[in-house]
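A.B. asks: Right, I'll just put the structure down here and ask away after.
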Amino acid sequence: MNNRISIIDYGNGDALSLARKIRSFGFYSRIFPYTIKGDELRVFNPSVTLHLTEEEVTTLTTGVERRVSDFTDDELKAFLLAHATPSWTMESYAEHLITEIKETVGDRRVLLGLSGGVDSSVCARLIHKAVGDQLTCVFVDHGLLRKNEGAQVRALFEETYHIPLIYVEAEEIFLRELKGITDAEEKRKTIGRLFVDTFYAEGRAIPNIAFLAQGTIYPDIVESVQLDGSLAIKSHHNVGGLPADLSWQLLEPLKELFKDEVRALGRVLGLPDLLLNRHPFPGPGLGVRCIGELTKERLDTLREVDAIYIDEIRSAGLYDEIWQAIATLLPVKSVGVKDGRRVHEEVCTLRAVNSTDAITAEIYPFSHEFMNTVVLRILAEVPTVSRVLWDISPKPPATIEWE
Ligand code: XMP
């Protein structure tokens with residue numbers, strides 16, 4: 001295949017963005033540490049190899065030497081076109097993945113934890129295309145979901161795509177175990193532990209599972225090249241996280257794709273834009289957006305507030321302009337007057353930010369009119385809220401989430 005560009009990374013730090021750029025030109029590109037053996041590189045079958053040192057790109061196969069900073073995007077593209085053919089499309093990559101999954105899985109069974117997020121949803125659809133009902137998905141409803149989220153996942157995966165789905169109603173267990181916990185880290189730990197326990201308990205009950213599929217993506221695995229030449233593995237990557245008694249193999253079909261490529265793959269597989277363009281949503285869900293104790297009543301209040309906020313953002317046509325829009329319930333109550341009566345109800349706060357990597361974030365500038373509409377709707381439609389605050393703190397110093 002004459003369309004593959006290898007990047008040999010000497011710890012430059014720009015390897016990921018270079019790989020992305022090259023892929024956007026239609027060449028399949030992968031990053032290798034500088035310690036890679038010639039044989040291993042030949043397996044990837046490179047037509048062009050770029051050595052990305054501190055300040056230099058050297059092309060191995062063509063013998064041309066140029067510094068990376070000397071290439072403009074157009075020149076880089078022209079240079080690659082002179083030595084390789086841009087034939088990498090998401091359609092052909094989807095076909096390649098489906099064939100590969102078929103070969104790997106054979107007649108065995110695959111388990112996938114479906115969260116309703118982009119990565120696991122694309123993974124589910126892809127694997128189901130490859131091996132059909134040998135795939136079983138498990139969705140854990142921990143009671144920390146957004147309004148109607150569980151029903152939407154069911155409608156899409158069960159009713160539209162006919163993908164075998166085990167829907168675990170775990171709200172009661174989660175809320176029982178979370179009762180009285182107000183510390184953010186303790187909440188996260190408890191939610192994480194319960195999630196893992198619930199998921200594996202379901203998985204163990206399904207006979208003959210051979211593979212655990214995960215929606216791991218490229219930036220989850222590759223952060224940068226270490227000084228010793230190994231690729232840094234991000235600590236949250238779940239390799240080795242399987243319970244000791246399970247001999248499932250990991251199946252990670254998205255592990256070579258960037259986030260925007262996962263969305264493009266999802267589009268090729270026919271997943272709706274409404275799902276593919278969703279704002280990032282934290283794993284512990286509304287658990288980290290309901291400051292203080294997590295009770296069914298408080299979570300229901302937050303679900304209503306969040307639904308109104310997102311609904312207004314969508315109606316105004318602003319959803320796709322925003323990185324993340326967040327409603328949070330604060331652990332204070334405030335006096336108000338509703339229907340002529342004094343009330344003492346919850347306080348919520350709203351924010352929306354734009355970001356490219358979640359490491360820094362700027363405030364999305366809503367108009368006063370828009371903010372007014374949202375606030376009045378929340379106060380009119382959610383009886384358990386008496387005050388709405390607007391949070392316009394950028395990151396840094398304020399993190400995107402409140403806790
Ligand atoms: P912060 O609040 O640290 O958030 O500025 C950065 C990004 O990470 C998301 N986030 C989480 N995602 N589990 C997750 O899966 C978490 O516990 C968590 N906390 C924050 C946050 O929504 C933002 O996109």
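A.B. asks: With the crude spin-label approximation of a point 7 Å out along Cα→Cβ, what separation in nm comes out for Glu95 versus Asp183?
C.D. replies: It is 5.6 nm.
A.B. asks: A follow-up question, please. In 10 Å bins starting at 0, how do the alpha-carbon pair distances of the chain split up by percent?
C.D. replies: For the chain, the pair-distance distribution reads 4, 19, 27, 25, 17, 7, 2, 0, 0.
A.B. asks: For a bin width of 5 Å, list the pair-distance distribution of region 331-400 built from all Cα-Cα distances, rounded to whole %.
C.D. replies: Pair shares across the bins are 3, 15, 22, 18, 16, 13, 8, 3, 1, 0.
A.B. asks: Let me ask another. In percent, how large is the relative contact order of the chain, given Cα pairs closer than 8 Å and 6 or more residues apart? List each step's numbers first, then the result.
C.D. replies: Numbers: 659 pairs, mean separation 53.1, N = 403.
With pairs under 8 Å counted, the relative contact order is 13 percent.
A.B. asks: What value in Å³ per residue do you get for the convex hull of the alpha-carbon atoms in region 4-87? Could the numbers behind the result be given before it?
C.D. replies: Details: hull volume 6.6 nm³, N = 84.
Dividing the Cα hull volume of region 4-87 by its residue count gives 78 Å³.
A.B. asks: What number results when the radius of gyration of region 73-207, computed over Cα atoms, is divided by 2.2 N^0.38 Å?
C.D. replies: My calculation over the Cα atoms of region 73-207 gives 1.41.
A.B. asks: How are the Cα pair distances of region 1-146 distributed, in percent, across 10 Å bins from 0?
C.D. replies: 10, 32, 25, 22, 11, 1
A.B. asks: Any idea what the relative contact order of region 91-274 is, in percent, if you count C-alpha pairs under 8 Å spaced at least 6 apart?
C.D. replies: Numbers: 239 pairs, mean separation 47.0, N = 184.
26 percent.
A.B. asks: Next question. Per the Kirkwood definition applied to all pairs of different Cα atoms, how many angstroms is the hydrodynamic radius of region 262-322? Intermediate results must be reported in sequence, preceding the final value.
C.D. replies: Values: mean 1/r = 0.0738 Å⁻¹.
Answer for region 262-322: a Kirkwood hydrodynamic radius of 13.6 Å.
A.B. asks: Just want to confirm a number: the relative contact order over region 280-366, from Cα pairs under 8 angstrom separated by 6+ residues, in percent. Please report the intermediate quantities before stating the final value.
C.D. replies: Numbers: 104 pairs, mean separation 21.3, N = 87.
Contact order relative to length: 24 percent.
A.B. asks: Could I ask something else about it? Tilt of helix 118-131 relative to the longest C-alpha principal axis of the chain, in degrees (0 to 90, nearest 10)?
C.D. replies: 60
A.B. asks: May I pose another question? Structure shown: which of Lys147/Lys296; Lys21/Lys77; Lys187/Lys296; Lys102/Lys255; Lys21/Lys129; Lys333/Lys395 lie over 19 Å apart, alpha-carbon to alpha-carbon? Don't skip to the end; give the middle numbers.
C.D. replies: Values: Lys147/Lys296 13 Å; Lys21/Lys77 9 Å; Lys187/Lys296 15 Å; Lys102/Lys255 17 Å; Lys21/Lys129 29 Å; Lys333/Lys395 26 Å.
Flagged as over cut-off: Lys21/Lys129; Lys333/Lys395.
A.B. asks: Name the residues of region 166-189 whose amide N is less than 18 Å from a point 7 angstrom out from the Cα of Glu403 along the C-beta direction?
C.D. replies: Answer for region 166-189: 174-189.
A.B. asks: Counting other beta carbons within 10 Å of each Cβ, put His368, His51 in order, fewest first. Write out the running numbers ahead of the final one.
C.D. replies: Numbers: His368 8, His51 18.
Going from least to most buried by this count: His368, His51.
A.B. asks: Would you please name the trypsin sites (Lys or Arg not before Pro) within region 130-179 that are DSSP coil residues with at most 11 other C-beta atoms within 10 Å of their C-beta? It would help to have the intermediate numbers written out before the result.
C.D. replies: Working: sites: Arg146, Lys147, Arg154, Arg176, Lys179; in loops: Arg146, Lys147, Lys179.
Hits after loop and neighbour filter: Lys179.
A.B. asks: In addition: If R0 is 22 Å, what FRET efficiency do you get for Arg108 and Asp245 from their C-beta distance, rounded to 0.05?
C.D. replies: Numbers: r = 18 Å, r/R0 = 0.84.
For R0 = 22 Å, the calculated efficiency reads 0.75.
A.B. asks: Between Glu381 and Ile166, what FRET efficiency comes out of the Förster formula 1/(1 + (r/R0)^6) with R0 = 30 Å and r the beta carbon distance, rounded to 0.05?
C.D. replies: On the way: r = 34 Å, r/R0 = 1.14.
So the FRET efficiency works out to roughly 0.30.
A.B. asks: Modelling each spin label as a point 7 Å along the Cα-to-Cβ direction, I'd like the Glu362/Arg204 distance in nm, to one decimal.
C.D. replies: If labels sit at Glu362 and Arg204, their model points lie 5.1 nm apart.
A.B. asks: Here's something else I'd like to know. Say each of Arg42 and Asp70 gets a label point 7 Å from the Cα, pointing the same way as Cα to Cβ; how far apart are those two points in nm?
C.D. replies: 3.0
Only the coordinates and a few stated rules stand behind these numbers; no lab work does. As the structure is a prediction and not an experimental result, all values here were calculated from the model. Here the Cβ is made from the backbone with ideal geometry for all residues, glycine too, and neighbour counts use every protein chain on show.
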